[in-house]
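Every read-out reported here was derived from the displayed coordinates using simple, explicitly stated rules and does not represent laboratory data. Everything numeric here is computed off the predicted structure, so don't read it as measured data. Cβ atoms come from the backbone with ideal geometry, glycine included; neighbour counts cover every protein chain shown.
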Amino acid sequence: DSMPAEDYVSKEQWGSRIGVVLAVAGSAVGLGNFLRFPGQAAQNGGGAFLLPYFISLLVLGIPLCWAEWTMGRFSGVRGFHSAPGVFSVACRTPKARYLSVFALLIPLVIYMYYIVIEAWCLSYAWNYFTGDLMLGEDSDAYTAYFDNTVGMNTDGHVFGKGSSMLGFILITFAVNFVLIYRGVSAGIETFCKFAIPLMVVCALCVLVRVLTLPSEQVSAGLGFMWNPKPEALTDPKTWLAASGQIFFSLSVGFGVIINYSSYLGKKDDVVLSGLTACSMNEFFEVCLGGLITLPAAFIFLGASVASFGTFGLGFNALPNVFAQMPAGQLFGFLWFFMLFLAAITSSLSMLQPVIAFFEEGFALERHVSSTFLGMIALAGTFFVVYFSKGLKALDTLDFWVGTFLIFVLAMIQAVIYGWVFGIVRGEREAHVGAHLRIPHFVQLILKYVVPVYLGAIFVAFCYQNV
Ligand code: PFF
């Protein structure tokens, strides 16, 4: 039972160092940064959320990222790129591959609903472009628009009358498919290299617009987002939400980074690359996501924004904000187009782990495996859309797969790295080709603190949700 299949050798490899960093950052920077982060912060104590958030980043996020980069490259240079392969190599037993099912399942299932939201963003961008989304200052108008355009099965119809959402879903799917089909370097890397700088430009334009609104409004808006409500710190839910956000946002615990880093060369620097990708993600999340979404919504809509859920914030509150600001149509377009780019660079990363598995486990050629997988994914997406009552299927999947299973996989990876692969080997392997040293205590954190921290969160999580 050796893997990969005898006659299969992956030809994939990244084109350049900056390319792989941008691809990983592209996976990390997504809807999580601009919609989920402000939503979580608003629901969990505003500024007080940031303390557990940064602790989770330092204790869980960055160390686990390094562990994934290290194990991914380690097994990649030995010819194994899929999660079953990586786990087998890291554990030195093919039996370990069974532990990796989540690393295939999680990204695939997330993909099925993530591209639906991605298509919403494209549709909103388009409707700003045409002006259809300039609906005035009445919040109900945006709710009605949202329900009719994207609302799923709310009144017996999948989409409302005249909604072109199906078309947008198919376009989104096609763009993803073409890029995935072209491969790691020609598809994913090339796209990320152009999309990420463009996202920075679009987001900065919107940020400047928001921060140059009348200053007393701006400071009230920022205060809402950043003033801590310290009582939130004693609530375990805040800590849970903070670490969940870190995982979701950094794409850690998904099986994505082990796969992406497996296409690195022997001498590539995993320490600096991993850290750079994490830092870019934090820049987008804290500096752009954190300074735009909530403050802007607060400026125009007041404290009621705390009652908007994540989707309400993105697709109801913000459109209302754009309607009220000068040149709102332009900024609305830039914003939703940027969200679409952010989402697509993330969704691209969700299929690659499974493609690697098909290639490696069944010796399927990339074009065959991506076509086959594309069909499975599309069927899943239609299932989510057509069988959901409202957004129920989406919420359920996001909770069980996008939150619960990620903890499980992160835990498995931490134990494999700390206790089976071993921190001595891990530390040595991480530093091959590295220009930076990881402080030694990070290894100890990975071995002892991460499993305990995750275990505690996990217990609290089960306790609260059963
Ligand atoms: N990190 C992405 C975000 O913040 O939106 C989401 C994501 C990417 C989830 C890749 C899963 C995944 F495999």
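Per DSSP helix of 4 or more residues, -39500 (n - 2.57); summed, then divided by the residues of the chain. What does that give at 222 nm, rounded to the nearest 500?
On the way: 22 runs with 299 residues, N = 466.
It comes out at -20500 deg cm²/dmol, rounded to the nearest 500.
Could you line up Phe254, Phe102 from fewest to most neighbouring Cβ atoms inside 10 Å?
Working: Phe254 28, Phe102 21.
Neighbour counts put them in this order, fewest first: Phe102, Phe254.
Mind pulling the angle between the C-alpha long axis of helix 62-76 and the longest principal axis of the chain? Nearest 10 degrees, somewhere in 0 to 90.
On a 0 to 90 degree scale, this one is about 50.
Could you pull out every one of the aspartates and glutamates with an alpha carbon less than 13 Å from that of Lys267, ignoring same-chain neighbours closer than 8 positions?
Here the aspartates and glutamates satisfying the reach criterion relative to Lys267 are Glu429.
Which order do Tyr98, Tyr53 fall in if you start with the one that has the fewest other Cβ atoms within 10 Å?
Details: Tyr98 10, Tyr53 26.
Neighbour counts put them in this order, fewest first: Tyr98, Tyr53.
Can you give the Kirkwood hydrodynamic radius for the chain, in Å, rounded to one decimal and based on Cα pairs? Don't jump to the answer; show the numbers that get you there.
Working: mean 1/r = 0.0447 Å⁻¹.
By the Kirkwood definition, the hydrodynamic radius is 22.4 Å.
Name the trypsin sites (Lys or Arg not before Pro) in region 324-412 that are in a loop by DSSP and that have at most 16 other C-beta atoms within 10 Å, would you? Mind dumping the intermediate values first?
Details: sites: Arg366, Lys389, Lys392; in loops: Lys389.
Those that pass, being in a loop and sparsely packed, are Lys389.
From the backbone phi of region 331-343, what are the Karplus-calculated ³J(HN,Hα) couplings (6.51 cos²θ - 1.76 cosθ + 1.60, θ = phi - 60°) in whole Hz, Gly and Pro given as x?
Values, residue by residue: 5, x, 4, 4, 5, 6, 5, 4, 4, 4, 4, 4, 5 Hz.
Starting from the Cα gyration tensor of region 32-130, take the square roots of the eigenvalues, sort them a ≥ b ≥ c, and report rounded, prolate or oblate (rounded when a/c is under 1.5, otherwise prolate if a/b is larger than b/c, else oblate).
Numbers: a/c = 2.88, a/b = 1.51, b/c = 1.91.
Oblate is the answer for region 32-130, as a/c is 1.5 or above yet b/c matches or exceeds a/b.
Region 50-126 to region 171-194: how many Å between their Cα centroids?
Comparing the Cα centres of region 50-126 and region 171-194, I get a distance of 19 Å.
Which FRET efficiency value, to the nearest 0.05, is calculated for Gln329 and Ser304 with the Förster distance at 22 angstrom and r the Cβ-Cβ distance?
On the way: r = 24 Å, r/R0 = 1.08.
The calculated FRET efficiency here is 0.40.
Tell me the angle of helix 406-415 to the major Cα principal axis of the chain, expressed in degrees between 0 and 90 and rounded to the nearest ten.
The angle comes out at about 30 degrees.
Output wanted: per-residue J couplings in Hz (rounded whole) for region 395-405, from phi through Karplus 6.51 cos²θ - 1.76 cosθ + 1.60, θ = phi - 60°, x for Gly and Pro.
5, 5, 5, 5, 6, 6, 8, x, 10, 5, 5
Could you calculate the contour length gain from Gln464 to Tyr98, that is, 0.36 nm times the residue separation minus the distance between their Cα atoms, to one decimal place in nm? Mind dumping the intermediate values first?
On the way: separation 366, 0.36 × 366 = 131.76 nm, distance 2.88 nm.
Between Gln464 and Tyr98, full extension yields an extra 128.9 nm.
Restricting to Cα pairs below 8 Å that are 6+ residues apart, what does the relative contact order work out to for region 17-465? Please round to a whole percent.
Values: 708 pairs, mean separation 161.6, N = 449.
Contact order relative to length: 36 percent.
What angle, in degrees between 0 and 90 and rounded to the nearest 10, separates the Cα long axis of helix 165-182 from the longest principal axis of the Cα atoms of the chain?
Helix 165-182 sits roughly 30 degrees off the main axis of the chain.
Kindly put Glu359, Glu12 in sequence by how many other C-beta atoms sit within 10 Å of each C-beta, fewest to most. Please list the in-between numbers first.
Values: Glu359 24, Glu12 19.
The fewest-first ordering by Cβ neighbours comes to Glu12, Glu359.
What GluC sites (Glu not before Pro) in region 100-193 are in a loop by DSSP, with at most 10 other Cβ atoms within 10 Å of the Cβ? Intermediate values should be presented prior to the final figure.
On the way: sites: Glu118, Glu137, Glu189; in loops: Glu137.
Sites meeting the loop and neighbour criteria: none at all.
Short version: ³J(HN,Hα) in whole Hz for each residue of region 429-435, in order, from phi by Karplus 6.51 cos²θ - 1.76 cosθ + 1.60 (θ = phi - 60°), x for Gly and Pro, what are they?
5, 4, 8, 5, x, 7, 9
Given the pairs Lys229/Lys392; Lys11/Lys266; Lys161/Lys389, which are separated by over 20 angstrom at their Cα positions? Walk me through the numbers on the way to the answer.
Numbers: Lys229/Lys392 31 Å; Lys11/Lys266 15 Å; Lys161/Lys389 17 Å.
Listed pairs above 20 Å: Lys229/Lys392.
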